[in-house]
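What follows is a short report on a single structure.
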Amino acid sequence: MKNPFRNVLTQLKKTQKIINIDQRLIKHLKQPDKIIQVKVALNKTKKLRIFKGYRVQYNNLMGPYKGGIRYDKHVNLSEVKALAFWMTLKCGVAQIPMGGGKGGVSIDPDKLNEEQLEELSRDYFKKISPDIGSDLDIPAPDVNTNAKIMDVFVDEYAKFNGKKDYGIVTGKSLKNGGSKGREEATSMGGLIILKQHLKKIRKKPQDIDMVIQGFGNAGANLAKLCYKQGFKIIAVSDSKSGVYNKNGLDINKLLIQKEKKGSVKNFKEATNISNEKLLELETDVLAPSAMENQITQKNAFKIKSPLIIELANGPVTPKADEILFKKNIDVIPDILANSGGVIVSYFEWLQNKKGRYWSKQKVFEKLKKYILNSFVQVDENKKKYQTDFRTAAYIFSLKKLEKKYIQSLK
Ligand code: GLU
């Protein structure tokens with residue numbers, strides 16, 4: 001079984017070789033603060049069905065635990081721990097006062113109907129509710145969860161707590177205290193970073209071929225936004241198939257097909273391609289936007305794109321990182337590239353606390369300011385330490401955590 005948490009420890013070790021970080025903090029960061037494991041049940045089915053649910057509260061030095069909840073058949077404790085660790089560092093890179101957490105239920109949501117999905121969500125949230133709170137731990141959407149499920153969480157929490165508190169989760173629907181722009185925030189953040197990087201290398205969107213793996217919230221919105229900006233998107237994929245056309249795909253048509261048929265597979269103006277082959281295509285930008293461990297030591301040497309932007313969490317393993325670095329391929333890491341989601345989650349939380357809501361324009365203006373500031377600082381670290389983007393982002397975030405840690409001892 002793949003063990004994403006082992007990747008975390010390797011990445012941490014690599015960073016320590018470059019800078020001195022307080023050993024006590026490093027010792028803390030090798031383990032989460034708290035692991036919550038719950039039994040999630042579907043009682044209303046003829047045969048009782050039981051699943052494993054998790055919430056990992058990794059670290060709250062910077063603020064309340066923050067991070068999404070995913071429903072996926074591959075969810076396991078090692079994965080949730082890794083994702084919760086990355087959230088800790090992501091909030092540090094984003095410079096928002098939040099810590100890191102993550103949750104998940106080990107289930108294939110495609111096998112559930114709407115009612116069962118709601119029943120599962122309610123049972124899971126009821127079980128983790130004692131550990132959730134707007135100043136304690138604030139979940140959000142992740143793989144296979146969305147605003148509708150966040151609304152169910154708010155409702156279930158109200159039952160547990162006697163009153164509605166919108167600040168306990170982010171990524172809610174607009175009518176339930178959500179923020180404008182939250183849905184596209186992850187992809188918008190990625191686009192802002194991508195454009196900034198292209199500016200640096202004196203390229204325009206029109207010059208760029210792009211391949212996107214994953215067509216969920218992050219991948220589909222990235223495709224939509226980039227297509228509008230004039231990028232040529234030559235391939236995208238979902239869990240069923242990839243589709244490729246070297247002259248570019250009509251993303252608007254593809255979005256309609258996905259909505260109607262549930263997959264991008266067999267798109268008329270393209271040929272089907274496997275997810276593995278898609279990663280190896282000749283392109284200018286590759287955006288893995290699905291799951292972790294997609295680019296590993298097995299296929300890293302076959303990657304041709306000179307730039308990888310990680311909209312997914314953990315798609316490139318540490319061993320692959322080494323190979324890509326030697327091949328001069330830049331990897332803009334998850335904890336920076338997809339931080340737009342949690343940044344706008346933070347804005348949503350602020351709006352809930354103040355009871356005042358912002359325009360989409362204000363949300364995106366502020367997002368741009370936050371994420372560009374992080375990008376510039378990570379880039380400076382990259383130059384200063386002559387390292388890759390990921391290690392530079394780790395250095396930047398760990399230094400912030402270290403400062404907080406030392407303060408907390410006084
Ligand atoms: N699930 C998203 C992530 O991995 C968003 C987390 C959040 O908004 O708390 O960054």
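The residues in the range 294-324 that are farther than 23 Å from Lys13 by Cα, under 21 Å from the mean Cα position of the chain (by Cα) and away from the ligand (no atom under 16 Å from the Cβ) can be counted, and the count is 1. Taking residues in the range 226-243 that are free of Cβ contacts under 8 Å to residues at least 24 places away in the same chain, and partners anywhere that are β-branched (Val, Ile, Thr) and surrounded by fewer than 19 Cβ atoms within 10 Å (Cβ to Cβ), not one pair has Cβ atoms closer than 8 Å while being at least 6 places apart or on different chains. Selection of the range 325-358 for residues being without any contact (Cβ under 8 Å) to a residue 40 or more places away in the chain, away from the ligand (no atom under 16 Å from the Cβ) and in a helix (DSSP H, G or I) yields Lys326, Lys354. Scanning the range 359-410 for residues that are at pLDDT 95 or above and outside any helix (DSSP H, G or I) yields Ser359, Gln386, Thr387, Asp388.
When the range 17-55 is limited to residues that are of a type outside the set (Ser, Thr, Tyr) and touching a Gly at 6+ places or on another chain (Cβ under 6 Å), the one that is surrounded by the fewest Cβ atoms within 10 Å (Cβ to Cβ) turns out to be Val38. Summed over the range 122-160, the residues that are part of a helix (DSSP H, G or I), within 16 Å of Ile69 (Cα to Cα) and in contact with a Ser or Thr (Cβ under 8 Å, 6 or more places away or on another chain) give a count of 9.
Residue-wise test of (1) more than 11 Å from the ligand (Cβ to nearest atom); (2) assigned to a helix (DSSP H, G or I); (3) touching a Lys or Arg at 6+ places or on another chain (Cβ under 6 Å); (4) without any contact (Cβ under 8 Å) to a residue 40 or more places away in the chain.
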| position | (1), (2), (3), (4) |
| --- | --- |
| Ala41 | yes, no, no, no |
| Lys44 | yes, no, no, no |
| Tyr54 | yes, no, no, no |
| Gln57 | yes, no, yes, no |
| Phe85 | yes, yes, no, no |
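Any idea which residue in the range 124-141 is nearest to Glu183 (Cα to Cα), counting only those that are buried (at least 22 other Cβ atoms within 10 Å of the Cβ) and touching a helix residue (DSSP H, G or I) at 6+ places or on another chain (Cβ under 8 Å)? Taking the candidates together, the pick is Pro141.
Here is a yes/no grid of residues against (1) under 30 Å from Glu118 (Cβ atoms); (2) at pLDDT 95 or above; (3) in a helix (DSSP H, G or I):
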{"residue": "Lys47", "(1), (2), (3)": "yes, no, no"}
{"residue": "Thr88", "(1), (2), (3)": "no, yes, yes"}
{"residue": "Gly92", "(1), (2), (3)": "no, yes, yes"}
{"residue": "Gly103", "(1), (2), (3)": "yes, yes, no"}
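Report, by residue number, each residue of the range 101-116 that is farther than 22 Å from Ser345 by Cβ and surrounded by fewer than 23 Cβ atoms within 10 Å (Cβ to Cβ). Across the range 101-116, the qualifying residues are Ser106, Asp108, Asp110, Lys111, Leu112, Asn113, Glu114, Glu115, Gln116.
The values are calculated or read from the model by the stated rules, or taken from the named source; none is laboratory data. Since the structure is predicted, the reported quantities are computational estimates derived from the model, not experimental observations. Using ideal geometry, Cβ is built from the backbone for each residue, glycine included, and neighbour counts are taken over all protein chains shown.
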